[in-house]
Every structure is written in structure tokens, then in C-alpha cells.
1. Need one word for segment 91-199: rounded, prolate or oblate. Basis is the Cα gyration tensor (sqrt eigenvalues a ≥ b ≥ c); a/c below 1.5 gives rounded, then a/b vs b/c decides.
2. Taking θ = phi - 60°, what integer Hz values does the Karplus form 6.51 cos²θ - 1.76 cosθ + 1.60 yield along segment 270-279, in sequence order, with x for Gly and Pro?
3. Over the chain, what is the mean sequence separation of C-alpha contacts under 8 Å (at least six apart), divided by residue count, expressed as relative contact order in percent?
4. Subtracting the Cα-Cα distance from 0.36 nm times the residue separation, let me have the gained length for L322 to K96 in nm, one decimal.
5. So how much accessible area does T386 have, in Å² to the nearest 10, using a 1.4 Å probe?
6. Where nothing but the Cβ of Lys and Arg (+1) and of Asp and Glu (-1) is charged, how large is the charge dipole of segment 271-389 around its Cα centre, in debye to the nearest 20?
7. Sorted by accessible area (1.4 Å probe), largest first, how do T213, T128 line up?
8. Over segment 269-325, what per residue volume does the convex hull of the Cα atoms give, in whole Å³?
Amino acid sequence: MAISSWGQGAHILNFGRNVRFNPRRYYVPENEAEVLRILTAHAEGTVRVVGALHSWSNILVSEDAVIDLRRFNDVEIERDDDGNAWAVVGAGVLLKDLLAILRDRGLTLPVLPGATTQTLAGCIATATHGSGLPSMSHYVDGVRTAAFDAQTGKARIHEFTGEDELLAARCSLGCMGVMLSIRIRCVPLFSVLESVQRVESVAEVLTSRRGFTFQEFILMPYNWSVYVFQRRPLGYRPEQESRLQARFYRAYKSFVQDFLAHWILILFLNVIKRPGAVRWLLKSVFPSVLLTGFNVVERNDRVLARKHELFRHIELELFVPLRHLEAAVESIREIISVFAGTEWDVSFGLAERLAEIGLLDALLEKRGAYTHHYPIYFRRVLPDETLISMTAGAAEDHYSISFFSYSVDQESFAVAAEFLALAINLLYEGRPHWGKFFPLHYEDVAQFYPRLAEFREVCRQVDPKGVFQNRFTRQVLGFDQGPLA
Ligand SMILES: Cc1cc2nc3c(=O)[nH]c(=O)nc-3n(C[C@H](O)[C@H](O)[C@H](O)COP(=O)(O)OP(=O)(O)OC[C@H]3O[C@@H](n4cnc5c(N)ncnc54)[C@H](O)[C@@H]3O)c2cc1C
């Protein structure tokens, strides 16, 4: 059988336009037999699969072969006698398409990220998460994969349905082979009650977190106010969605928040280019764009997924344990103020701690080097049953802290992001999201992933020659560290 796309080279650019590469071969196979033939042809090379290219880290890069599974787009629903449901989803299916299919059957996914334009396979590979629950990876019960045989070295199909193989495949960074389909748990379609409130402190947010499963909050730079999105699930109530208040809320969010506010921000940042004006926008205009005091019931995906894909941006996301959250917030406030040049120095306590880790002078040298220009997002992520997702096997809840940049000046963002990632890593055990801007190294993060060596070992069972590795995964996952002792 001929392979339908013995592709020539390709030029690949990710969503954020910060990762670009030119693989020698780009394949769009039609079926599993073709995937196996591609693996056989590249058994001595490097193979990466791309989804919707929404990642910002170098996780995507392959100079050799790239496989695009857009033609693997079947979705089947399975139910057991107790009414539990699973979707078996082809690796090329976009989240938004999967949700539409599930919706027709009265189902949805337990957890949703802020955008739905990624593939489910890509989401699984990097432990994409929402708020208030473990990541999506946690809900995967089976993965069908094309990889190699440890004994013969030949390409073959593997079914991961249990034990460490499944835990590794649940968040694999693409190192466990080519995912062909994913079996993921579903839940009945539900609505979410949302209200937005301004609160006095992060402590106040934390006090109410148990009553609001999908709670998240933002810290508004430069006036440093805290706004909490109080969200809790309700049974599905379609009639509530057509209420005037819900319709107004939806239209306002789409036009004013998702479109207009972002458009104006980008104008200020990239055309007017005056840091003072950008700070004014955040301090004085953005808070009034939030609709506080409304109680609205909406379908889950309308509330939980925002339209973050509308404008190109780049994101650093750091995960910190709950016990460090409040201190981390305070340090972030001070660091961002120094970077923006609105504060000349940090408090005595932070200065001492930064001096201890050798970062104080580095921060003070960066005064005025970068104006952070977006609300800082915080989401609660519960422990995952995986080997290496950001909350793998954690003993406590974590909070993810997101720094978005819409500036065309990605270099200034990179400098600030690198500093923040290192400081929050050393002070508060922060670890970056594998799929987002990733400025750290194996030495910085390995201690937070106690099952990393087991992960490497499981990967070697299906990929003895490291075909599914690239420079990024070798470096950050420590594949260069030698075999498991
Ligand atoms: C607008 C936007 C919003 C986002 N919101 C969130 C969010 O709310 N929460 C969150 O956690 N993340 C979020 N992300 C990050 C995003 O979900 C992850 O980076 C995800 O991995 C991207 O999926 P993708 O389909 O684009 O995969 P890609 O970025 O193309 O690939 C990601 C990884 O998956 C691997 N991969 C993809 N398909 C396969 C396959 N079939 N077999 C093996 N490996 C495969 C690739 O090799 C690569 O290593 C967001 C990103 C953007 C751009």
C-alpha cells in the first residue's frame, strides 16, 4: 500500500510564532498501516507528531520526520451498564469538534482548558488542564499507539490500558510513540453558575474555594486588585441559556472582553508602544470591563473555555503548591513592579531571599525592561494519576499561574519569563507547563517529578532507539542522564 503523503519538507510555525522548524519529511497518513510504514522508514531518525501546533515550547520540533494525524478523526462513544461513558477519539480530532459530538449525546468532558482549538491528543501529551480538577490526562483510560517493539525493534501497535504504560502515555510529551486514538472518560453535559467578584485578598479566594469547584482568579497588574470567578456545576439547564441576562452576558463577553479589550490592548502595546499607557489600561480600564455582580447559568464549555485563541500570544504557566501560593503572589507582584519600573526596589524580605539564590542583582538590573500587560491568571489543579504531568502524584493541590504576552517583542517577554520561572522555581517549587514557554532545565525541575526515571524506562520499552525524542525532551526529561540505576 502506498503511503498517501510521502511528504516533502515543510515549514512549520506554531500558534505563538515563537517556534519554527523545517522537517525533511511531513506526512499526513490515512491509516495505521501507513503510520507503521513511516515509523519503519524513520527507525533510525526522529519522529514527532504535531497536533494543532498550540504549544509554545520546543516540544514540537523535529528536523527529520513530522506526522500530522488530521485524517484520524473518528469518534465512538462507549457506555457500560452503569451508565458510565467513554469517548474513543481519533488523534486528529479537535477538542471543539469532540465537544460538539458529545453534546449531541448529552455528554461532555469532565475538565476543559481555556481554548478548544487544540487536538485531544495534543492536550493529553502535555497534561492540558482547566480549573478545579486534575488535568485532562487524568481521565484517559486507554491509548492506542504506534511505536516500536523492545525485542525486535520493529514498528507495531500497542494498547496502553493499565499500569505504568498507561500512566506514562497519559502525559507523554510525544515520547511514547504516535497516539492513534484515546479513550477518555465523559460526564453528563452540565451547566455552570458563574459570578465575578472583586475580593480583598487571595486568602479570601482560598476560603471559598471548596464551594466553587471551577473557581479561578486573576490579579490585575498595577492596581493589584484580585477578582475571583466563582463557578460551580449544576445539572444541565438549557432553558437558562436563553434568558435575556444570559444572552446579554454571552454577547458582552464575546464582543467586549474577548474581542474589543484584546484589540485595544494590542493597539496600545504594538502600535502606540507607551508602557505608561499600557499600565493605565490595566490599572484603570480593564477592571471596569469585568462584569461583577451577575449570576449567570451557562453551558459548561461556554463558561470554562475562553476565546484565548482569537489573538496570537505567548504564555508562561508555572505550577506552585497551595502552601506557597500567597507568598508566591506577593513576590510576583514585587518582581513585575520592578520589571515595569514602577518600583525601584523590592521589600527587605524578598531582597534577602533573592540574594540567597543569587537573583537580586539580576532583578535590579532589569528595572524597566518589561511591562507586563495582562491580568495574571490563577487556576487550581488537583493531583493527577500520571508519571510526569505538572501535578503528577502531588500530595496537595497546586495553583497554575499564567503570564500572557500579546507583545510582538517576544524577546523582552522571554527575559522576564525566564527570571520569573527561575525565581518561582527556587523560592516556591514552581514548575513550568511542558507545552508552554519553558525556560528551565532538567536540573531545575527533575526533583519535582519523582517518577521521571520510571517514565524514561517505560519510554525505552516502546522506543529503544529514542526515535520519539527531540532535543527538548532529551534535555528537560533527562534522557541524556543514562539508564535507570
Ligand atoms: C489559545 C491557547 C489556549 C490554551 N489553553 C490552555 C489551557 O487552558 N490549559 C492548558 O493546560 N494548556 C492550554 N494551552 C496549551 C495547549 O493545550 C497544549 O500546548 C497542547 O499540547 C496543544 O495541543 P495541540 O493539539 O496544539 O498539540 P501540539 O502543540 O501540536 O503538540 C503538543 C505535543 O503533543 C504531541 N502530540 C500531539 N499529537 C500527538 C499524537 N497523536 N501522538 C503523540 N504525540 C502527539 C506533540 O508531539 C507535542 O509533543 C493553550 C494553548 C493555546 C494556544
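1. In terms of gyration-tensor shape, prolate.
2. 9, 10, 6, 6, 10, x, x, 5, 5, 5
3. Worked out over the chain, it gives 17 percent.
4. Additional length available on full extension: 78.3 nm.
5. 10
6. So the dipole magnitude of segment 271-389 works out to roughly 700 debye.
7. Result of the area sort, largest leading: T213, T128.
8. 187
The values are calculated or read from the model by the stated rules, or taken from the named source; none is laboratory data. Note that the coordinates shown come from a computational prediction; the quantities given were computed from them, not determined experimentally. Neighbour counts are summed over all protein chains in view; Cβ atoms, including those assigned to glycine, are modelled from backbone coordinates with ideal geometry. SASA here: full protein model, heavy atoms, side chains in, ligands and nucleic acids out. Shrake-Rupley method; radii C 1.70, N 1.55, O 1.52, S 1.80 Å.
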